[in-house]
Structures are given as C-alpha cells and as structure tokens.
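Asks: Before I ask anything, here is the structure I am working with.
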Amino acid sequence: MNARNIEGKFRVVESFAIKGKNEFYLIGNLTEGQIQKNWFVYILLNSSLSLTLRVSNIDEIEISGDTEKYMLLTFLGENDILDIWLDLNIRNENLNIKIEGQD
C-alpha cells in the first residue's frame, strides 16, 4: 500500500453489526489525519491482501462510564457480507484511511 495516499489512521476499539439495518460499525478514534464519508478504511488481511470498506456515515458517540468520546463509523452491506466482516473480529487495530478504494 502506498503510504503517500493515506489520509489518516483509525484505532478500532470494537466492531459490531446491526443486521436488520444492513450496517456494520467500527468504534474508535482517529490517531492521525482525517476521515470523511465515502472514503475507505483498509483492513489488512495479510502482507499482500487488504479489504476496503466505504464509510457511509460518521458519528460521535459516548459510552457510559467512559470519559472519552469515540467515533462510530458505519458501513453498509448485505447479511452475508456482514457475517464476513464480523468474523474478522476487528478490534484493537490501527487501520489506514484512503480517499480511494474498492466497494
């Protein structure tokens, strides 16, 4: 992956899905750079293969008992895709953010 095209880095705390809404979520924070709707989050599967997810929405959330505010990134997908994303068990990872990617 070309580091020059990286717009930001997102530290994932947790991930989950709401299948009735066909949505997958990442909770976390930017550690550097920026992120916008329709940009892509890159999930490295191994040293030569990555999965890209297009950001459909960005919200600020608060978790009870925690003083830190978090970002909630939303991604759209059908149930079979949501199952795959859930199986990746994305948490405690740093993900690159780019303007371009593949749906």
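Values quoted throughout were computed directly from the atomic coordinates according to the rules given, and no laboratory measurement underlies them. A quick note: this is a predicted structure, and the numbers were derived from the prediction, not measured. Here the Cβ is made from the backbone with ideal geometry for all residues, glycine too, and neighbour counts use every protein chain on show.
Asks: Could you give me the ³J(HN,Hα) list for segment 35-46, computed from phi with Karplus coefficients 6.51, -1.76, 1.60 and θ = phi - 60°, whole Hz, x at Gly and Pro?
Replies: With coefficients 6.51, -1.76 and 1.60, one gets 8, 9, 4, 6, 7, 10, 9, 9, 10, 6, 8, 7 Hz.
Asks: In nm, give the distance between the simple-model label positions of Thr52 and Ile81, each being 7 Å from the Cα along the Cα-to-Cβ direction.
Replies: Here the answer is 1.3 nm between the modelled labels.
Asks: From the C-alpha coordinates alone, can you work out the Kirkwood hydrodynamic radius of segment 3-103, in Å?
Replies: 13.7 Å is the Kirkwood radius here.
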